[in-house]
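Here's the structure, in structure tokens; my notes come after.
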Amino acid sequence: MVDDFLKSQNLVLRDTLLQISAPVASPPSYLGTQGRDEFQTYLLSAPHKAFAASPAKGYGTSVGRRTAAEAEKLALENCRKFAPKTDPCTIVMVDDDPPQLSPPIILCATRELGPALPRAEPEPLPPGTPRKQALRSSSAGCADRTA
């Protein structure tokens, strides 16, 4: 009965699964083999998702979250668990797009566990850099503000 109704609505089961193509994106060059493999798994994951990495080969992901902001936050937290404390984690990709910045907002901790303060002047993007290729980033310029 249900099958007949679905068939009358052109809603029939497929014999094969739909092919899902991953977004075209390259992992950060500084990731190790395991990090590159995890990046490929991330690309096929459900939204909302985020991938964060540090130059010392630490990385973290978060997938299937309610919002992109929540995914970003959790990916950064996961990355910080594995990255050296002196090596900042950055958001590499959110959902299927690199992060867009206008300009980046970077927070500097006043003490190791103290409150965060906005950095005085955000760094401008290099001339000719598309905003989609910019990375949300680093603690550069924070050293003179930490106590």
Does ILE91 qualify as being modelled with pLDDT of 55 or more, surrounded by 17 or more Cβ atoms within 10 Å (Cβ to Cβ) and either under 19 Å from GLU38 (Cα atoms) or of a type in the set (Val, Ile, Thr) (or both)?
-> yes
Only one of GLY35, GLY58 is free of Cβ contacts under 8 Å to residues at least 40 places away in the same chain and in contact with a strand residue (DSSP E or B) (Cβ under 7 Å, 6 or more places away or on another chain); which?
-> GLY35
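What do you reckon, is LEU13 closer than 23 Å to ALA83 by Cα, in a loop (DSSP other than H, G, I, E, B), of a type in the set (A, V, I, L, M) and touching a helix residue (DSSP H, G or I) at 6+ places or on another chain (Cβ under 9 Å)?
For LEU13, the condition - closer than 23 Å to ALA83 by Cα, in a loop (DSSP other than H, G, I, E, B), of a type in the set (A, V, I, L, M) and touching a helix residue (DSSP H, G or I) at 6+ places or on another chain (Cβ under 9 Å) - is not met.
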Across the stretch 61-87, which residue is farthest from TYR30 (Cα to Cα) among those that are outside any helix (DSSP H, G or I) and touching a residue at least 24 places away in the same chain (Cβ under 8 Å)?
-> PRO84
Of the numbered conditions (1) in contact with a Pro (Cβ under 6 Å, 6 or more places away or on another chain); (2) charged (D, E, K, R); (3) modelled with pLDDT of 90 or more; (4) loosely packed, with under 12 Cβ neighbours inside 10 Å, LYS132 satisfies every one except a single condition; which is it?
-> (3)
Restricting attention to the stretch 1-24, report how many residues are among the β-branched types (Val, Ile, Thr) and either more than 33 Å from the chain's Cα centre (by Cα) or more than 30 Å from GLN40 (Cα to Cα) (or both).
-> 2
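The values are calculated or read from the model by the stated rules, or taken from the named source; none is laboratory data. Note that the structure is a prediction, hence the values are computed from the model and not measured. Because the Cβ atoms are built from the backbone with ideal geometry, glycine has one as well, and the counts that use them run over all protein chains shown.
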